[in-house]
Each structure stands twice: as C-alpha cells, then as structure tokens.
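A short worksheet on the structure shown next.
The values are calculated or read from the model by the stated rules, or taken from the named source; none is laboratory data. Computed from a prediction, not measured in an experiment: that's the story for all the values here. In this analysis, Cβ positions are derived from the backbone assuming ideal geometry, glycine residues included, and neighbour counts consider all displayed protein chains.
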Amino acid sequence: MRRLLFGLMLFVGAALNANAGAKDYFSESEVDFGPTPRGPILTHYFIIKNTSKSKVTLGTARVSCGCVSASVLKSELAPDESTAVAAYMDTRRIPMANVLKTVLVYVPFLSPNLEEVTLKVQSIARDDLVFSPEVLAIGNVKKGKTASAKMKVTLFNHGNWNITEVASTGKFVTGTAKLLSRQPSEVTFEVTATLDENCPVGNWTSDLYLKTNAVGLEKVRVPVTVNVTTAIAVTPEEVKVGEIKEGSKLESKLMLQGSQNFKILEVKGGDDEVAVKSESSESRALHTLLFAIKPTKAGDLNRSFEVLTDHKEMPKVTIPFTAKVVK
C-alpha cells in the first residue's frame with residue numbers, strides 16, 4: 001500500500017512539474033481587453049519561447065467559446081526558438097452586453113511531454129460604445145515617413161462623458177483625442193493615432209488606451225495597425241554571428257528584397273576578416289549577400305557595410321555586423 005501511495009505521489013509530482021515547465025514557456029497567460037464596442041475583432045499574441053534543451057511540439061489550440069478562435073503560429077520549436085498563440089475575440093459573438101466574458105484557450109504540448117496550458121481571454125462588450133471605423137488602421141507607410149489615422153468614438157446616454165488622457169503601448173505611436181460633439185444623450189470624440197518616422201520596417205500592432213470619467217469605462221482600448229515598408233527590405237536587418245573562434249571560418253547570408261528590380265553596384269566595408277559579395281550583378285528584385293568571416297584575433301568584431309544600388313528610392317543600404325571572437 002505504501003509503495004502504491006508513494007508511486008502515485010511521484011506520478012502527481014511529475015505531472016505538476018511538467019505543467020509548470022510548459023507554463024514557463026509563456027510570457028503571460030491571460031489578457032483583459034477591457035470594455036469594447038461590438039464589432040471589432042480583438043487580437044492578442046501569447047508569446048511562447050522554448051527555454052528547454054529539447055524540441056517542443058504543439059498541437060491544435062481549442063477554445064471554450066465560439067466567440068474566440070485561436071491558432072498556434074508554429075507547431076515545432078527548437079531550443080531558444082519562439083512563436084505565438086494568436087487569440088481572436090469576435091465582439092459581435094459575445095452573447096451578453098455589459099457582462100465580463102471570459103474564454104479559455106487550451107494549448108496542447110505533444111512533446112517532449114504530453115501537457116496542456118490554459119490561457120485566458122476576457123472582455124466586456126458595450127452596446128452604448130461605438131468606434132467608427134472599428135480599428136485605427138494607419139495603412140502602408142514607407143520607412144522614414146510619418147502618417148496618421150482618425151476614428152470617431154461615441155458614447156450614448158452619458159452627456160458628461162470626457163476623455164482625460166490618451167496613452168500608447170507602442171514606442172512609435174502617439175494618440176490624441178478631440179471633442180467633436182456633446183449632446184445630453186450622445187458624446188463623440190475624434191481619436192487620432194500618429195506614427196513616428198523612426199518606426200522600423202514591419203507589420204505592427206499597437207494599442208491606444210483612452211482614460212475616461214465614465215464608471216466601467218475608465219480605460220478603453222483602441223487597436224492600431226500599421227505596415228511600414230521600404231524600397232529595399234533587408235532580412236535579417238543586421239548580421240549577428242555571436243561567438244566564433246579565432247582562426248576559424250564561417251559563412252553567413254543576408255537577403256535584400258526590392259520593391260522593383262535593382263542592381264547592387266558595390267559593397268563597401270569589407271576586409272580580410274569579413275568579406276562580403278553579392279551572388280549576382282544582374283538587375284533583380286531579390287539579392288543575396290554572402291559573408292565570409294575569418295577572424296584573426298580575439299575580441300569584438302564589429303563592422304558597418306554600405307551596399308550601393310541603382311534603386312532610385314534607396315541608393316544606399318547600411319548593414320551592421322557584430323561578432324564576438326574567442327580563443
């Protein structure tokens with residue numbers, strides 16, 4: 001009997017440790033969208049990083065309510081690799097207004113252990129709150145340019161409603177609010193999101209939070225989307241080699257994707273330790289740069305390469321290079 005009980009204790013303890021390990025892969029386990037009008041689809045990405053030394057395999061995510069859908073963006077993760085579980089809450093399908101709706105998202109782990117992590121998504125749908133349009137979509141913006149988008153936010157049956165502050169979760173997005181109209185039964189503000197010209201290339205999402213004086217609407221989330229593009233996209237944006245032994249050899253590649261065909265005329269900054277060349281001298285939309293690395297002494301190996309092109313919108317591309325040479 002003691003053996004059986006001791007065996008059960010070991011089994012339960014191992015299961016608890018397994019669950020704790022899977023939960024540790026997530027940077028967070030719940031998101032509260034707060035009060036929201038009906039209409040928008042609220043999106044959140046739960047980041048997962050494989051902090052173990054084994055490959056991790058994930059299954060198909062399940063949800064406890066049809067008002068939320070979820071998907072695992074990548075099902076297999078090598079050690080130190082990351083992905084996300086994307087959760088989408090359709091506010092039109094939340095059954096009751098002015099009531100906190102909580103939905104569970106179940107994420108199965110298939111290897112190295114069979115485990116399941118539960119995530120939580122919640123919001124309160126308001127019938128008296130309206131966004132027009134539903135999202136502050138700044139759209140496509142060229143890198144180095146600023147842009148903005150506007151939205152009307154209306155609250156019914158609260159003639160004294162006021163937005164006291166607009167805060168942003170994004171480093172490159174700021175927001176403002178301006179009163180458009182005030183009536184006893186309806187108040188409308190114009191909310192503007194402005195993109196900073198230093199925003200890096202990518203498809204980004206951010207949030208503005210409206211602080212207001214209405215009970216239950218003290219903090220209202222407004223989603224912002226923007227796609228920052230460039231005439232020549234560099235992938236990766238910089239070459240990070242990490243540690244490399246003195247006297248060894250290593251090769252690395254980098255891709256340049258143009259908005260149109262272009263030629264690489266010259267690559268400046270190369271030397272005996274880091275040589276760079278283009279695979280092609282032809283005019284094409286996609287080019288590959290080859291890095292031949294042969295460090296001769298220990299220490300930091302930092303370079304900055306200039307790629308000269310015939311692209312009218314981007315005649316020069318700067319590529320940082322970093323490495324740590326060890327003995």
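Only one of the listed residues (215, 220, 234, 224) is surrounded by fewer than 20 Cβ atoms within 10 Å (Cβ to Cβ) and either in contact (Cβ under 8 Å) with a residue 24 or more places away in the chain or within 22 Å of residue 277 (Cβ to Cβ) (or both). That residue is 234. In summary, residue 154 fulfils each of the numbered conditions (1) surrounded by 13 or more Cβ atoms within 10 Å (Cβ to Cβ); (2) under 22 Å from the mean Cα position of the chain (by Cα); (3) in contact (Cβ under 8 Å) with a residue 24 or more places away in the chain with the single exception of condition (2). State yes or no: is residue 180 assigned to a strand (DSSP E or B) and farther than 20 Å from residue 35 by Cα? When the stated conditions are applied, residue 180 passes them.
Among the residues making up the stretch 116-172, a single one is among the acidic types (Asp, Glu) and over 27 Å from residue 186 (Cβ atoms): 116.
This table checks each residue for (1) exposed (fewer than 14 other Cβ atoms within 10 Å of the Cβ); (2) outside the structural domain of residue 238 (by TED's automatic domain parsing); (3) not β-branched (Val, Ile, Thr).
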site	(1), (2), (3)
251	yes, no, yes
269	no, no, yes
289	no, no, yes
317	no, no, no
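Only a single criterion out of (1) farther than 23 Å from residue 312 by Cβ; (2) assigned to a strand (DSSP E or B) is not satisfied by residue 270, namely (2).
Looking across the stretch 90-108, just one residue is closer than 24 Å to residue 49 by Cβ and either assigned to a loop (DSSP other than H, G, I, E, B) or touching a Leu at 6+ places or on another chain (Cβ under 6 Å) (or both), and that is 105.
Pairing each residue of the stretch 100-112 that is farther than 30 Å from residue 217 by Cβ and in the same structural domain as residue 85 (by TED's automatic domain parsing) with any residue that is part of a strand (DSSP E or B) and of a type in the set (Lys, Arg), provided the two are 6+ apart or on different chains, yields C-beta distances under 7 Å for 106/62. Does the stretch 100-111 contain at least one residue that is charged (D, E, K, R) and under 24 Å from residue 224 (Cα atoms)? The answer is yes, given that some residue of the stretch 100-111 is charged (D, E, K, R) and under 24 Å from residue 224 (Cα atoms). Taking the criterion of being surrounded by fewer than 18 Cβ atoms within 10 Å (Cβ to Cβ), over 30 Å from residue 215 (Cα atoms), at pLDDT below 95 and out of contact with any Phe, Trp or Tyr (no Cβ under 8 Å at 6 or more places or on another chain), would at least one residue in the stretch 89-103 satisfy it? Taking every residue of the stretch 89-103 in turn, none turns out to be surrounded by fewer than 18 Cβ atoms within 10 Å (Cβ to Cβ), over 30 Å from residue 215 (Cα atoms), at pLDDT below 95 and out of contact with any Phe, Trp or Tyr (no Cβ under 8 Å at 6 or more places or on another chain).
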